[in-house]
Amino acid sequence: MHYALFLGCTVPARSLGYDISVRKVAEDLDVNLIDVEGFSCCGFPTASIHRETSFALAAINLCLAEEKGLNIITLCNSCTAYLTKVNMILKNNKEMFERINEILKSNDLEFRGTIDVKHISRMLYEDIGTVRIQKTVKRSLDGIKIAPIYGCHYLKPSSIYNKFDDPEMPKSLDSLILATGATSLDFPEKILCCGGAILAIDENASMGMTHIVLDSVKSLEADAMATICPFCHLMYDEYQITIGNKYGKDYNIPSLFFTQLLGLAFGHESKELGLKFNAVRTKALVKKIMGGEQ
Amino acid sequence: MAQEKNDKKTEQNPDDMSIITEDELDSQFKYEILKEPGGENFLRCMQCGTCTASCPVKAIDPDYNCRRIIRRALIGDKEHVLNSKFIWMCSTCYSCYERCPQDVKITELMFALKNIAVKHGFIHPSIKAQVTLLEKFGALSEISEFENRMREKYGLPKIKQSPDRVKKVLEKENIKEIIEGDS
């Protein structure tokens, strides 16, 4: 299986653990992720300013993947939703198709509508499947309680995702967690927004939103959280101590990218999965997972 | 004048509940919204409040109220809607969008309102700053030699940022003029 790997802006700058672990687990599953030179912003940041510009920015990336004949795999939920949405609109709306191609002319690019976009977790769930993941597990996460964090744009707007999962009661990430042998915790806050999108607009509201989810995960005595988006990771991991201080809480909940947890289940060591880049220490969790191994 | 008055309104109380008089309203505002992509279903709103009940931002900051934003837009309280920090506070989680019984497509409506606000010269500074970054790096973050050395150390391929294509699009769309506003 070959895909174009779309990192987006945030992953290479702030989430090296995601970048490293995605490539590691892809190798284990014989998935060939190809880096495409010239990939740039997905366009989402400019959606608030000027819709047409944001469509053209998204289309640059879609065109570059089309030139390689590759479907895109995304890591960030927002990149996923935006590239998927623009791809869908350009494929179905002739007027917009022509308008965007007119803008792209100066870049010698042409949108044709020949590829699809998928988030890495959806690819693991749909294209690889939980059975194969189960078979690849070398070190079961049996006894580990994991809180799945879906984020928003992985599921919503559901109209662009062919209803591959239920936006109100999703199960795709839960299924992937279960395939590692771990327990997947069920709690209503697993679909709540992390607040990351408005961190620069209103820090108090943003951190308040994160703290609601952290409180819930803490009360469930989770061993770890599994995130699938660099913005969720930013809030639940990088900002966890700051938010704990603000609300007088000692959370100390390891927040890992799902692919880091999957990598542990596939038998890799911490350093092969970039766990040192996580802000909340993961040593105790890894020790618990390794159990008698050490 | 109206602008000045609204600035005060926003500063003193972000969602001033004082009585709105007719001369403050713009009866054409709703048509402007209907024409903007994302605003097409806006008149369907029946003010049921499912959006506010679903809103995770509202759960933290009770002053943020998307139903009220829609109501103000419907009656033509244009200055207040466009000049308010609130339209920028939507976290775009799409909870309201999924649950709205009238399919108002509220998240898209918020994008439409922000696009209109920008046209009228109201833009949040943090959003403006992002355009500068996009022009410079083609992305929101710079991947410098430092990041690339780190990437190499961990066996990751280097990233060569190429802002040229992004820059061309931004220039062709006159983004600089757009974010400076024209009103």
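The values are calculated or read from the model by the stated rules, or taken from the named source; none is laboratory data. Remember, predicted model here, so these are calculated numbers, not experimental data. Backbone-built Cβ (ideal geometry, glycine too); neighbour counts: all protein chains shown.
In the set A:236, A:154, only one residue is in a loop (DSSP other than H, G, I, E, B) and either buried (at least 20 other Cβ atoms within 10 Å of the Cβ) or more than 14 Å from chain B (Cβ to nearest Cβ) (or both); that residue is A:154. Looking only at the stretch A:93-125, count every residue that is charged (D, E, K, R), exposed (fewer than 13 other Cβ atoms within 10 Å of the Cβ) and not in a loop (DSSP other than H, G, I, E, B) and tell me the total. Residues in the stretch A:93-125 being charged (D, E, K, R), exposed (fewer than 13 other Cβ atoms within 10 Å of the Cβ) and not in a loop (DSSP other than H, G, I, E, B): 5 in total.
The residues of the stretch B:51-60 that are in contact with a helix residue (DSSP H, G or I) (Cβ under 8 Å, 6 or more places away or on another chain), more than 8 Å from chain A (Cβ to nearest Cβ) and not in a loop (DSSP other than H, G, I, E, B), listed by number, are B:51, B:52, B:54, B:58.
One line per residue, one yes/no per condition, for (1) under 30 Å from residue B:125 (Cβ atoms); (2) in contact with a Gly (Cβ under 9 Å, 6 or more places away or on another chain); (3) modelled with pLDDT of 95 or more; (4) not assigned by TED's automatic domain parsing to the domain that holds residue A:27:
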{"site": "A:205", "(1), (2), (3), (4)": "yes, yes, yes, yes"}
{"site": "A:215", "(1), (2), (3), (4)": "no, no, yes, yes"}
{"site": "A:218", "(1), (2), (3), (4)": "no, no, yes, yes"}
{"site": "A:234", "(1), (2), (3), (4)": "yes, yes, yes, yes"}
{"site": "A:242", "(1), (2), (3), (4)": "yes, no, yes, yes"}
{"site": "A:247", "(1), (2), (3), (4)": "yes, yes, yes, yes"}
{"site": "A:278", "(1), (2), (3), (4)": "no, yes, yes, yes"}
{"site": "A:281", "(1), (2), (3), (4)": "no, no, yes, yes"}
{"site": "A:284", "(1), (2), (3), (4)": "no, no, yes, yes"}
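Would you call residue B:145 more than 10 Å from chain A (Cβ to nearest Cβ) and out of contact with any Lys or Arg (no Cβ under 7 Å at 6 or more places or on another chain)? Spelling it out, residue B:145 is indeed more than 10 Å from chain A (Cβ to nearest Cβ) and out of contact with any Lys or Arg (no Cβ under 7 Å at 6 or more places or on another chain). Entry remark, the stretch B:149-163: residues being surrounded by fewer than 12 Cβ atoms within 10 Å (Cβ to Cβ) and either facing chain A (nearest Cβ under 7 Å) or of a type in the set (Asp, Glu) (or both) number 2 in total. Those helices (runs of 4 or more DSSP H) of the stretch B:61-105 in which 1 or more residues are within 14 Å of chain A (Cβ to nearest Cβ) and either over 16 Å from the mean Cα position of the chain (by Cα) or surrounded by fewer than 21 Cβ atoms within 10 Å (Cβ to Cβ) (or both) occupy B:95-99.
Across the stretch A:12-38, the number of residues qualifying as in a loop (DSSP other than H, G, I, E, B) and either among the basic types (Lys, Arg) or buried (at least 24 other Cβ atoms within 10 Å of the Cβ) (or both) comes to 1. Mind checking whether some residue in the stretch A:176-199 is among the aliphatic types (A, V, I, L, M), surrounded by fewer than 17 Cβ atoms within 10 Å (Cβ to Cβ) and not in a helix (DSSP H, G or I)? For the stretch A:176-199, residues among the aliphatic types (A, V, I, L, M), surrounded by fewer than 17 Cβ atoms within 10 Å (Cβ to Cβ) and not in a helix (DSSP H, G or I): absent. When we screen A:215, A:223 for residues that are within 14 Å of chain B (Cβ to nearest Cβ), in contact (Cβ under 8 Å) with a residue 12 or more places away in the chain, farther than 30 Å from residue A:47 by Cβ and of a type in the set (Asp, Glu), the only hit is A:215.
A count restricted to the stretch A:39-52 and to residues that are crowded, with 24+ Cβ neighbours inside 10 Å and outside any loop (DSSP other than H, G, I, E, B) stands at 2.
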